[in-house]
Amino acid sequence: MTALHSVPRRVPPALFAAVVAVGLAVSAWGARDRTTWFLETFWALAGLPVAVLAWRRFPLTGLLCGLLAAHALVLAIGGHYTYAQVPAGDWARDALGLSRNPYDRFGHLMQGFVPAVLVRELLSRTSPLRGSRWLAPLTVCACLAFSACFELLEWLAAETAGHGADAFLATQGDVWDTQWDMCCALVGAVLSLLLLSRAHDRQLASLASRTAGGYRQRAGSPGRWSWRPDAR
């Protein structure tokens, strides 16, 4: 737990941003299908500039930065090869005697694991839920809802593009792929909270303490806090 707490704190956020930018650029070069690459990496392409532009007003913990960067690289790899053809997944399939490339399952596990910390951080810093017993279950519900919305987007892509969306869907012939995807996201979210909550709480406290009065109580709203980065 100490390593999880200390390592991300020593890494400059700009380095995470640079790694993601380079990873996306490399994955775009020679991607097997440009449309699939864009669809798979859209969240990273949109999220990186948002995080950079909002940094001064709403900096993130080192733990969350590291997880978001790792997730962006997972998306970049999946976008470059398509999820059903990632070489590491082919190796795992052959080595473990699986019936399909499991990289898609890993991607959806990350779809719950990483957003769980993101949602937890946003709720902890912008709502009365910090320290509440409802924080964990509502975080899991948010992650599962996002996963369900993503499956609806995949359905829309299939209806719009037909067989042209097969690489994006990456069902690999599994009629229960949608349910498995949401299940993996659910498991990822629960594992993330079980493994990282304490380290995340320490980093949230450290982030607040680095700026005196970083959290301020909103007028007339006991228990509700907002982030004030310019406080000294």
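For region 107-143, a tally of residues being over 18 Å from Leu204 (Cβ atoms) and open to solvent by 60 Å² or more (accessible area, probe 1.4 Å) returns 1.
Out of all the residues in region 222-230, is one or more out of contact with any helix residue (DSSP H, G or I) (no Cβ under 8 Å at 6 or more places or on another chain) and modelled with pLDDT of 50 or more? Quick ask: steps written out before the conclusion?
In the first step, residues of region 222-230 are kept if they are out of contact with any helix residue (DSSP H, G or I) (no Cβ under 8 Å at 6 or more places or on another chain); the result is 222-224, 228-230.
From what's left, modelled with pLDDT of 50 or more: 228.
Yes, region 222-230 contains at least one residue that is out of contact with any helix residue (DSSP H, G or I) (no Cβ under 8 Å at 6 or more places or on another chain) and modelled with pLDDT of 50 or more.
The one condition from (1) more than 22 Å from Leu60 (Cβ to Cβ); (2) open to solvent by less than 30 Å² (accessible area, probe 1.4 Å); (3) within 19 Å of the chain's Cα centre (by Cα) that Asn101 does not meet is (3).
When Leu98, Leu67, Leu48, Leu63 are checked against the criterion of being within 22 Å of Cys183 (Cα to Cα) and in contact (Cβ under 8 Å) with a residue 24 or more places away in the chain, Leu67 stands alone in meeting it.
Evaluating Leu75 against the criteria (1) surrounded by 18 or more Cβ atoms within 10 Å (Cβ to Cβ); (2) more than 15 Å from the chain's Cα centre (by Cα) leaves one unmet condition, (2).
Residue-by-condition table, conditions (1) modelled with pLDDT of 95 or more; (2) more than 30 Å from Ile77 (Cα to Cα):
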| position | (1), (2) |
| --- | --- |
| Ser127 | no, yes |
| Leu135 | yes, yes |
| Cys141 | yes, no |
| Gly164 | no, no |
| Thr178 | no, no |
| Leu207 | no, yes |
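Among the candidates Leu193, Leu186, which residue alone is open to solvent by less than 30 Å² (accessible area, probe 1.4 Å), modelled with pLDDT of 95 or more and either under 17 Å from Leu138 (Cβ atoms) or not small (Gly, Ala, Ser) (or both)?
Numbers: Leu186 fails: open to solvent by less than 30 Å² (accessible area, probe 1.4 Å).
Being open to solvent by less than 30 Å² (accessible area, probe 1.4 Å), modelled with pLDDT of 95 or more and either under 17 Å from Leu138 (Cβ atoms) or not small (Gly, Ala, Ser) (or both) holds for just one of Leu193, Leu186, which is Leu193.
Could you tell me whether any residue of region 144-160 is in a helix (DSSP H, G or I) and touching a Ser or Thr at 6+ places or on another chain (Cβ under 7 Å)? Within region 144-160 (the criterion being in a helix (DSSP H, G or I) and touching a Ser or Thr at 6+ places or on another chain (Cβ under 7 Å)), the answer is yes, since at least one residue qualifies.
The values are calculated or read from the model by the stated rules, or taken from the named source; none is laboratory data. Not measured: the values here are computed from a predicted model. When we count neighbours, we look across all protein chains shown, and the Cβ atoms used for this are built from the backbone with ideal geometry, even at glycine. The accessibility values were calculated without ligands, DNA or RNA, using every heavy atom of the protein model including side chains. Shrake-Rupley method; radii C 1.70, N 1.55, O 1.52, S 1.80 Å.
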